[in-house]
Each structure stands twice: as structure tokens, then as C-alpha cells.
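Accompanying notes for the structure given below.
The values are calculated or read from the model by the stated rules, or taken from the named source; none is laboratory data. Values in this document were obtained by computation on a predicted structure and should not be read as measured data. Methodologically, a virtual Cβ is constructed for each residue, glycine included, from the backbone with ideal geometry; neighbour enumeration extends over all protein chains shown. Accessible surface areas use protein heavy atoms only, side chains included; no ligands, DNA or RNA. Shrake-Rupley method; radii C 1.70, N 1.55, O 1.52, S 1.80 Å.
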Amino acid sequence: MLAALLDILLPPRCAGCGEPGSQACPRCTAELLRDPAPRRPDPPPPGLPECWSATTYDGAARRMILACKERGRTALVPVLGACLAEAAVSALGPGEGPVLLVPVPSARPATRRRGHDPIRAMAAAAARELCGRGRPAVLAPALRQARRVADQVGLSSAQRAANLAGALEAVPGAAALLRPPHAAVTPVPARSPRPEAGVPEKVAVVLVDDIVTTGTTLAEAARVIRAAGAEATLAVTVAATRRRSATRRRSQ
């Protein structure tokens, strides 16, 4: 919270490069949005949906994510939300169907320590950005932490999977959150034998996180969403870590 206060009182500096004048300078913002693309971990964990990110987890992207999450620079949320929206638009392609953005929940101790939930805030910003682009989108906070987990830093893919197994659960009423918005209904063509009926548009249920590393968190989130009666169409993150395949690592 102190960092957020200082952002108000002092002239802003870019969190990516330190250049004065803005929270995110045009050069670093362009770096964040440089290459939205599918970036699945190698190997991907079972149950991981298609996974897209705006960029790789290095340079300005890494510094800006850490500044927002760990140093309280919440003014970066709109920029990072725009990255998530860009990844979602690139992955989903043209269309007008509604998008339900399901944030991966932060652990309660981390939320208390940070004073905010950065992933949920980024997902909400991404929903606003998508709506501004004409794509109906809503925040669907359908997940919560079921138990505490160990710090993931330094854990292997197998260790992360064991650490996260059963760590997430659906919130009460998740099934309703994962249904399409009532307004998202298209008229039936006039030639339909039942002109009074409506056809619900196809809904994209999109998981949201800041970074994908091994994909185990997103795979666990997809499992819980599936158990709640929906199917995660896609996972989007701001960034993806660079990972070498297991085969390549063994050969070196």
C-alpha cells in the first residue's frame, strides 16, 4: 500500500525501465504486448486447456508483474489487464459470444500481505478492456483456495502437481457464475419453427493467471471448473516462463 501511495505523491516512473513520466512507458507497454501466442508448458500437465500469453516472463514484463504483485503498484493493473485481453482476443479470434473470465485465486495469506488480490484485479481489468472492444465479458470468481499450499518456487512439475492437488475448490453458487449472462442470447432466425425461442451464444470460459510455468495451477483450476459443470475453453496469462522440454534437458 505504501508503494501505491508513493505513486500518487511522487512523479511516476515506469515499472519496466524506470523512465520518468508514467507507470508504464510506451516502449515497455509495447514489449508487454509484443507477441500474444500459445505457450503451453512442455510437457503440459493432464487437463491443461489451450494456454496463451501476451509475452514471455522476462525483461519489462517480469519487472512490471512483480511491481504490481509484490510492491503494491496497483496502477499497473489496467496495463496488465490489457495484456490478458490481448491474449484472449488473439486466442479466441473474431466473434461476439460472451467471455467469462475466471481468475485463479490468490492464497489468503498472500492477499492479506499484499493488501490486494492482483489476479482478480487483472481479470476484472481484462473484462473491462474486452467490453470496450465490443466483446461481452464478465468476471466470474468461481474458484477459491481450499487449503494452504507450500511455496511453489523451486518445485518440479511433479512436486507442483502434488502440492496443488485438491488445493482449489468451487465457490458456493459456482454453477450460476459459469452460466452465460442472461442478456447474451441471439434471436432465432425467422425460418425457425419456434420463432419465440432463443439460442444461447457460445460462451468462452477463460482461466486467468499472471504467469504460466509448469501449468499445474491452471490444470487444477480447469479440473475444478469441470467438476462444477463447465469446461474451460482457454487459459490466458500475462506471461509465460521459458522452459526446455524434458527430453532436451536429459540430452544435455
Review point. Among the listed residues 53, 90, which satisfies the condition of being of a type in the set (S, T, N, Q) and either in contact with a Phe, Trp or Tyr (Cβ under 6 Å, 6 or more places away or on another chain) or open to solvent by less than 30 Å² (accessible area, probe 1.4 Å) (or both)?
Key: 53
Check your understanding: Being open to solvent by 20 Å² or more (accessible area, probe 1.4 Å) and at pLDDT 95 or above, is that true of even one residue in segment 67-78?
Key -> yes
Revision key, fill the gap. Flagged pairs (Cβ under 7 angstrom, 6 or more apart or on separate chains; first in segment 208-219, over 20 Å from residue 127 (Cα atoms); second assigned to a helix (DSSP H, G or I) and of a type in the set (Gly, Ala, Ser)) are 214/157; 216/157; 216/161
Point to revise | Matching entry among 198, 166 (being over 23 Å from residue 125 (Cα atoms), at pLDDT 50 or above and not aliphatic (A, V, I, L, M)) | key: 166
